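A short write-up of the structure that comes next.
The values are calculated or read from the model by the stated rules, or taken from the named source; none is laboratory data. This structure is a prediction, so every number in the text was calculated from the model and none was measured. Glycine also receives a Cβ, built like all others from the backbone with ideal geometry; neighbour counts cover every protein chain displayed.
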């Protein structure tokens, strides 16, 4: 029996079409000014999230009633400058926006990551092995998808209580099914491919076929769904925090900031406008990036992006 651990054999049984390298993807991204701007925004958001302690000009929970409800670009009584103004307790809105980004982005990334890992494993194995295991997994997935996820999240958080860890747990449990359903369909389509049949004939184990041969060739649509799920979870976190079942005060959250500022929307519009704008721009940029990834990985469309690449191929 052939040694399927031999790299030469693995290359022979995997489809090795000419693939673009990182320089070509960067070149294609540079050609798309809108998506490039979205990527820059997300990178800046990530930088603020990681370095909030160093980049924030004030403390997120620091009270200063003497400077309460100041509009953007204002200077307080002690000479402190507030870029985006202050809230009803005199807290700097720009600082709270940065720390709120840390919560929203972390919940989105961690929740989507856990959902993706568990859902992809369940979906790929169900699609490849089939049989009773596939029926059980997919019927459970169908049952979970029939439930209104936001209402279930509200019910669970009402019992467990709000908070960062509970939010991630609820999102991971309620969102892995979409990854499982997509991965199962991709595995069904790949199961009859030549490289899978050849690997099976050479004696490769099912686990090796799933994770070494199928997964690398279906990662592009999974990555698109993963990016979209991050945006969905950020919106879901904002909705739950707005309703009081997400992040609890005094910790800042974009949804919680909107909930606190809605009572003053007529006299202090900035309390709602800036957190709402942050949610809108983040979700929009994530959707733009997901759309670009889908386009450059789609064999029917990516020739438009790589017709003249940075490597000089035509």
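Looking only at residues of the range 51-64 that are in contact (Cβ under 8 Å) with a residue 40 or more places away in the chain and part of a helix (DSSP H, G or I), we find that the one that is surrounded by the most Cβ atoms within 10 Å (Cβ to Cβ) is 52.
Here residue 47 clears all of (1) without any contact (Cβ under 8 Å) to a residue 24 or more places away in the chain; (2) more than 24 Å from residue 104 (Cβ to Cβ) except the condition numbered (2). Taking the conditions exactly as written (modelled with pLDDT of 50 or more and surrounded by 11 or more Cβ atoms within 10 Å (Cβ to Cβ)), does residue 28 satisfy them or not? In short, yes. With respect to the conditions (1) surrounded by fewer than 16 Cβ atoms within 10 Å (Cβ to Cβ); (2) closer than 17 Å to residue 104 by Cβ, residue 245 lacks only one, and its number is (1). For the range 27-36, taking the residues that are in a helix (DSSP H, G or I), under 13 Å from residue 289 (Cα atoms) and touching a residue at least 40 places away in the same chain (Cβ under 8 Å), the one that is nearest to the chain's Cα centre (by Cα) is identified as 35. Number of residues in the range 202-215 that are out of contact with any helix residue (DSSP H, G or I) (no Cβ under 9 Å at 6 or more places or on another chain) and without any contact (Cβ under 8 Å) to a residue 12 or more places away in the chain: the value is 1. Would you please name the residue that is modelled with the lowest pLDDT, looking only at residues in the range 275-307 that are surrounded by fewer than 13 Cβ atoms within 10 Å (Cβ to Cβ) and within 15 Å of residue 30 (Cα to Cα)? It comes out as 307.
When residues in the range 248-262 are screened for being over 24 Å from the mean Cα position of the chain (by Cα), touching a residue at least 24 places away in the same chain (Cβ under 8 Å) and surrounded by fewer than 20 Cβ atoms within 10 Å (Cβ to Cβ), 1 of them pass. Right, residue 111: exposed (fewer than 15 other Cβ atoms within 10 Å of the Cβ), part of a helix (DSSP H, G or I), touching a helix residue (DSSP H, G or I) at 6+ places or on another chain (Cβ under 8 Å) and in contact (Cβ under 8 Å) with a residue 24 or more places away in the chain or not? Considered against the rule, which asks whether it is exposed (fewer than 15 other Cβ atoms within 10 Å of the Cβ), part of a helix (DSSP H, G or I), touching a helix residue (DSSP H, G or I) at 6+ places or on another chain (Cβ under 8 Å) and in contact (Cβ under 8 Å) with a residue 24 or more places away in the chain, residue 111 comes out as no.
Residues in the range 256-267 include none that are under 30 Å from residue 32 (Cβ atoms), at pLDDT 90 or above and assigned to a helix (DSSP H, G or I).
Restricting attention to the range 107-138 and to residues that are farther than 23 Å from residue 221 by Cβ and at pLDDT 90 or above, the residue that is farthest from the chain's Cα centre (by Cα) turns out to be 132. Residues that are at pLDDT 90 or above and more than 16 Å from residue 222 (Cα to Cα) within the range 175-211 are absent altogether. Here residue 43 does not fit the description of being modelled with pLDDT of 85 or more and more than 25 Å from residue 292 (Cα to Cα). Between 76, 85, the distinction of being under 23 Å from residue 252 (Cβ atoms), touching a strand residue (DSSP E or B) at 6+ places or on another chain (Cβ under 9 Å), surrounded by 13 or more Cβ atoms within 10 Å (Cβ to Cβ) and at pLDDT 85 or above belongs to 85 only.
Residue 122 passes every criterion in (1) surrounded by fewer than 17 Cβ atoms within 10 Å (Cβ to Cβ); (2) in contact (Cβ under 8 Å) with a residue 12 or more places away in the chain apart from (1).
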